[in-house]
1. Expressed as an acute angle from 0 to 90° and rounded to the nearest 10, what is the orientation of the C-alpha long axis of helix 2-28 relative to the principal long axis of the chain?
2. Rolling a 1.4 Å sphere over the protein heavy atoms, what is the accessible area per residue of the chain, to the nearest Å²?
3. Using only alpha-carbon positions, what ratio does the radius of gyration of the chain give when scaled by 2.2 N^0.38 Å?
4. Which percent of the accessible area of the chain is formed by carbon and sulfur heavy atoms (probe 1.4 angstrom)?
Amino acid sequence: MGCVSGCFIYVFAVVLAVAAGAAVQAVWHTNWLTLTVGALVLAGGCWLGSRLWPRVERFVPEPYPEDDDDQ
């Protein structure tokens with residue numbers, strides 16, 4: 001589940017960062033503030049995503065086991 005957890009964490013963080021960056025850009029129209037807030041939210045989103053992953057993992061189905069009879 002390593003790939004799934006990593007993908008979840010980074011996608012979660014990127015979605016948060018893009019949403020926060022878009023909100024800042026819409027309100028203040030400054031690129032430097034948008035980039036700063038986006039970077040901070042990206043870092044915070046990675047941290048938050050890693051904390052949320054154990055709760056989300058319960059709902060991810062296990063992959064099917066390999067059948068040894070197919071040989």
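The values are calculated or read from the model by the stated rules, or taken from the named source; none is laboratory data. Remember, it's a predicted structure, so these values are computed and weren't measured experimentally. Heads up: the accessible areas ignore ligands, DNA and RNA and are worked out on the full protein's heavy atoms, side chains in. Shrake-Rupley method; radii C 1.70, N 1.55, O 1.52, S 1.80 Å.
1. So the helix axis and the longest Cα principal axis differ by about 20 degrees.
2. 79 Å²
3. So the Cα radius of gyration is 1.61 times the expected 2.2 N^0.38 Å.
4. 68 percent
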